[in-house]
Amino acid sequence: MPGLDEKLQLIYDTVLRRNPGEKEFHQAVHEVLDSLRPVVTKHPEYADAAVITRLCEPERQIIFRVPWVDDAGQVQMNRGFRVQFNSALGPFKGGMRFHPSVYLGIIKFLGFEQIFKNSLTGMPIGGAKGGSDFDPKGRSDGEVMRFCQSLMTELYRNIGEYTDVPAGDIGVGGREIGYLFGQYKRMTNRYESGVLTGKGLTWGGSQVRREATGYGTAFFVNEMLKTRGESFDGKTVVVSGSGNVAIYAIEKVQELGGTVIACSDSGGYVVDEKGIDLDLVKEIKTERRGRISEYAEARGGAAEFISGRTVWEVACDVALPSATQNELTADDAVMLVKNGCRAVGEGANMPTTPDGIKVFNDAGVLFAPGKAANAGGVATSALEMQQNASRDSWSFEYTENRLAEIMRNIHDRCAETADEYGAPGNYVAGANIAGFIRVADAMLALGVV
Ligand code: NDP
């Protein structure tokens, strides 16, 4: 990774020393610090109050045991996490991830990113993240329910609508949020809708929340394309993943006139030159919890499944990495650029490696970092919290218009901030600086707490 300014390097060294072995967290911190060079020069007051040093240390980290009984009557044990990173702007807010790769370093990287993302939305929400190394794949509904109930039996005492408001992420969708909310309600004897977001529409959920992250990513990329007089219309697009974010990114890209020809899961990818049949993907991945390889089987000769490889080898105009962190490397970026890719929008969190981002920047590819491009999910969660607080429920159309407006504002704020700090067209710098300044100003105002 490139060297940092001297003061920022000292802060980074402390982060490395305090958080050994947490490489994803180090990567996320380094990227932000790298963007902050012009900010520390212009605003010495942040250094005086040790704002950046404090920002790199979570306010609270909770790690707990999650025992549960599987269908065979065997006792299983997982580890649960909640990292409450920063509450200067509002209650802690961020998703829960259930995936076997989860450990403290992943949750800390996600929580750290969440601070800046939530700040960029302009809404009153702090940053947090949580999860478990539990693997829901192949587990029955009953096992997932018992796991969620056990996790919430410990977590409930640390969350609340004014304290910390979890949501979904990888492995946590509507089913899991339902089980978590049910147990919270039982433990507290309160129908406190605003304690979790991503709820079902009949029990306090918001229209568009399910679609929001993917739709928002497509809206953001559309705004970037407009700066070059272009749009999705007629563009060929590839999307990694086939989960919540990927599915709704595909849906909105298709509505905006693009043709998505490939998507994937952790087993490989499918190419369908005529355009992905999204109803089929939804049926396989959401309803049946199956594998994307089944898509090619169902489409006969029209689609092909390529096992163990990534979508980045498919030629496209626009790429939307929407699966997981560090899934798009420098080699992948070189291949995308060589094949004509002109815009990249991160639906996932930190899916592109730092040297991958450099390849895109050097080649003049429009690049939207996750903390800006995928902020539509948490922004719509904040809209869900607003509806819960006022016991109201808004229409799909109204909520989607709010989301589109929020994404336009985030896009413009990133672009303007990048200009102001001498990095025109660099959305990574724009997002990091704009996100940082709002939270740093709040931290200054709140004193040393
Ligand atoms: P889902 O669990 O719905 O889907 C995840 C998708 O990514 C699946 O297709 C999964 O494949 C694939 N995937 C997960 N882990 C890996 C891995 N280690 N290697 C390869 N593929 C993998 O998650 P979401 O769609 O909700 O989340 C996707 C990304 O978007 C994450 O980075 C998340 O943090 C980010 N995000 C999500 C938000 C939301 O609202 N849900 C909000 C903002 C960001 P398989 O089925 O084979 O596991």
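When N244 is tested against the conditions (1) closer than 12 Å to S322 by Cβ; (2) of a type in the set (S, T, N, Q); (3) out of contact with any strand residue (DSSP E or B) (no Cβ under 7 Å at 6 or more places or on another chain); (4) open to solvent by less than 30 Å² (accessible area, probe 1.4 Å), the lone failure is (4). Tell me which residues, restricted to segment 240-273, are more than 22 Å from I410 (Cα to Cα), aliphatic (A, V, I, L, M) and touching a Cys at 6+ places or on another chain (Cβ under 8 Å). Selection gives I261, A262, V270. Hey, any hits in segment 221-240 for a residue that's within 11 Å of the ligand (Cβ to nearest atom), at pLDDT 95 or above and either assigned to a helix (DSSP H, G or I) or not assigned by TED's automatic domain parsing to the domain that holds I170 (or both)? Yes; the residues of segment 221-240 include at least one that is within 11 Å of the ligand (Cβ to nearest atom), at pLDDT 95 or above and either assigned to a helix (DSSP H, G or I) or not assigned by TED's automatic domain parsing to the domain that holds I170 (or both). If you check T202, T217, T213 for being in a helix (DSSP H, G or I), among the hydroxyl-bearing types (S, T, Y) and over 19 Å from the mean Cα position of the chain (by Cα), only one passes: T202. Taken over segment 38-51, the criterion of being in contact with a Phe, Trp or Tyr (Cβ under 9 Å, 6 or more places away or on another chain) and open to solvent by 10 Å² or more (accessible area, probe 1.4 Å) is satisfied by P38, V40, K42.
Look through segment 278-293, keep the residues that are part of a loop (DSSP other than H, G, I, E, B) and open to solvent by 60 Å² or more (accessible area, probe 1.4 Å), and return whichever of them is farthest from G308 (Cα to Cα). My answer is R288. Applying the condition of being open to solvent by less than 10 Å² (accessible area, probe 1.4 Å) and within 16 Å of the ligand (Cβ to nearest atom) to segment 323-345 and asking which residue is nearest to I115 (Cα to Cα) yields G345. Among the residues making up segment 249-269, those that are surrounded by 16 or more Cβ atoms within 10 Å (Cβ to Cβ) and either touching a Ser or Thr at 6+ places or on another chain (Cβ under 7 Å) or assigned to a loop (DSSP other than H, G, I, E, B) (or both) are A249, L256, G258, T259, I261, C263, S264, D265, G268, Y269. Could you please find all residues in segment 413-443 being open to solvent by 60 Å² or more (accessible area, probe 1.4 Å), assigned to a helix (DSSP H, G or I) and in contact (Cβ under 8 Å) with a residue 40 or more places away in the chain? Of everything in segment 413-443, those that are open to solvent by 60 Å² or more (accessible area, probe 1.4 Å), assigned to a helix (DSSP H, G or I) and in contact (Cβ under 8 Å) with a residue 40 or more places away in the chain turn out to be R413, R438. Cβ-Cβ contacts under 9 Å between residues 6 or more apart (or on different chains), taken from a first residue in segment 373-397 that is within 15 Å of G90 (Cβ to Cβ) and free of Cβ contacts under 8 Å to residues at least 24 places away in the same chain to a second residue that is outside any helix (DSSP H, G or I) and open to solvent by 60 Å² or more (accessible area, probe 1.4 Å), are listed as Q386/D392.
Can you tell me which residues in segment 66-95 are more than 23 Å from A445 (Cα to Cα), in contact with an Asp or Glu (Cβ under 6 Å, 6 or more places away or on another chain) and part of a strand (DSSP E or B)? Q76, N78, R79, G95, listed by residue number.
The values are calculated or read from the model by the stated rules, or taken from the named source; none is laboratory data. These numbers come from a predicted model, not from an experiment. In this analysis, Cβ positions are derived from the backbone assuming ideal geometry, glycine residues included, and neighbour counts consider all displayed protein chains. Keep in mind that these areas ignore ligands, DNA and RNA; they rest on the heavy atoms of the full protein, side chains included. Shrake-Rupley method; radii C 1.70, N 1.55, O 1.52, S 1.80 Å.
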